[in-house]
Amino acid sequence: MTTVLIAGAGPVGLAAANVLAEAGIDVAVLEAEPRLPENLRASTFQPPTLDLLARFGATQKLIDMGRIARKVQYRDRAGWVAELDFGVLADDTRHPFRVQCEQYKLNQVLAARLPDVRFGATVTDVEQDGKMVTVTINGGEKLRCEWLIGADGGKSRVREAIGVRLEGFTWPERFLVASTPFDFARVMPDLADVSYFADPEEWYFLLRVRDVWRAMFPTRAEESEAGILSDDSIERRLQRVHAKPGRYEIAHRTLYSVHQRIAESYRKERVFLAGDAAHLNNPLGGMGMNGGVHDAFNLAEKLAAVIKGGPDELDRYERQRKPVALEYVNRITIANKRHLEMRDADEQRRWREELARAMSDRAAMREYMLRISMIASLRKYECA
């Protein structure tokens, strides 16, 4: 019998497994896919996440494979620019910057440190009796463990099996992400590697990883998936970003449903939920994966302590992490979307005044950056 089973070999499950393995806990990871996926999902690592991952040597590898982003910009099509610098956080974090790197590269780094990652293992049922958990995989084989962590994503089979609802809503529009090797910084003076463009007609977001720029756009609810992902549709949107002769080379395209949902509970007896299995939010701000990694470290450290005979503080996991999803991640990501698409002139003015205040002196900018870097959310609830 394994002490801890973890469903999901994404950044959340693998981070939790590394914390437990480092503590000498017998842990195994179950992944439904036949191998580690290399899909382009999250690509932002916030400063406190880099601080946490540094203990496994993963942060330097992310820096080597990715790109350091020291500033974030807010712009519009008329030329307005507000720029904020992560450098004001130098006294608050060992990594006063974001790193832009595809999350699957972190998965590869973390999985390589683990002795037991089992692929092609889909969790299809979960039962528990107060002393142990029985996990059914692939509809037949049964595995037993003392504890189970469901880190198996937004469509979590673990969450479904234990009967926990995911509460909230889904936006009617979906987000298109298209990657291109075209260098927008060459045609947009002083463009930051992380830049949000406000526009009531069609906002967009540019983010640079090592080899490509990723462009994100909202789509209309009535557009078909095939139409959105077509070459002509993506070309039209990219030409609005920058009109250039000839067509853009498209390296990758993905269409995302956009949710703001949180599990009614993060724990049911010996089963826990973390990451997207526990909370989903829109990607504006780069908080979803990061919040999940923070869940993983918080839960795995508490679980390791209990397994080793320490005081049972497992209920603090939900008390510390769920308010972060409710108050910070959901609120900030919803506000980010509203700011980019707002039509009301008074609202636009108030938002720009807020950013102007943030840029007015170092203390104001630090306060703003503590919020959008997720440092403030970690600090607020660490004693809950």
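The values are calculated or read from the model by the stated rules, or taken from the named source; none is laboratory data. Bear in mind that the values here come from a model prediction, so they are computed numbers and not experimental data. Cβ placement follows ideal geometry from the backbone for every residue including glycine, while neighbour counts extend to all protein chains displayed. What goes into the accessible areas is simple: the full protein's heavy atoms, side chains included, and nothing from ligands, DNA or RNA. Shrake-Rupley method; radii C 1.70, N 1.55, O 1.52, S 1.80 Å.
Some observations on this one:
- Solution diffusion estimate, µm²/s, Stokes-Einstein, segment 99-142, Kirkwood Rh from C-alpha pairs, 37 °C, viscosity 0.692 mPa s: 252 µm²/s
- Cα centroid of segment 113-192 to Cα centroid of segment 330-384, whole Å: 29 Å
- The convex hull drawn around the Cα atoms of the chain, when projected onto a plane and averaged over every direction, covers 19.1 nm².
- Peptides 22-29, 360-367 ranked from most to least packed give 22-29, 360-367, packing being the mean of other C-beta atoms within 10 angstrom over each peptide's residues.
- Percentage of interatomic Cα-Cα distances in segment 195-243 larger than 14 Å: 56 percent
- Rounded Å value of the spacing that divides the Cα centres of segment 236-287 and segment 46-101: 19 Å
- Across the chain, the relative contact order, built from alpha-carbon pairs under 8 Å that are at least six residues apart, equals 21 percent.
- Carbon and sulfur %, accessible surface of segment 285-331 computed with the full protein complex present, 1.4 Å: 50 percent
- With protein chains left intact and a 1.4 Å probe, residues in segment 145-256 average 44 Å² of accessible area per residue.
- Per-peptide packing, taken as the mean over residues of other Cβ atoms within 10 Å, places 325-334, 155-164 in the sequence 155-164, 325-334 from highest down.
- Within the accessible area of segment 68-219 (1.4 Å probe), percent carbon and sulfur: 46 percent
- The charge dipole of segment 149-225, taken about the Cα centre with unit charges on the Cβ atoms of Lys, Arg (+1) and Asp, Glu (-1), comes to about 420 debye, rounded to the nearest 20.
- Residue 147 accessible area, assembled protein chains, probe 1.4 Å, Å²: 20 Å²
- Given 244/337; 131/308; 105/380, the pairs whose alpha carbons are separated by over 25 Å: 244/337; 105/380
- Ranked by how many other beta carbons lie within 10 Å on average, peptides 137-143, 63-69 from highest: 63-69, 137-143
- Annotation: the antiparallel percentage among DSSP beta bridges lying fully within the chain is about 70.
- Size of electric dipole in segment 276-384: Cβ of Lys, Arg +1 and of Asp, Glu -1, about Cα centre, debye, nearest 20: 240 debye
- When Rg and the Kirkwood radius Rh are both evaluated on Cα atoms of segment 109-200, their ratio Rg/Rh stands at 1.18.
- Between residue 134 and residue 38, the distance separating the two model label sites (each 7 Å from Cα on the Cα→Cβ line) works out to 4.0 nm.
- Among 39, 107, 336: highest mean-square fluctuation, GNM of the chain, C-alpha pairs under 10 Å: 39
- From phi via Karplus (6.51, -1.76, 1.60), per-residue ³J(HN,Hα) for segment 93-98 in Hz, x at Gly/Pro: 8, 6, 9, x, 6, 9
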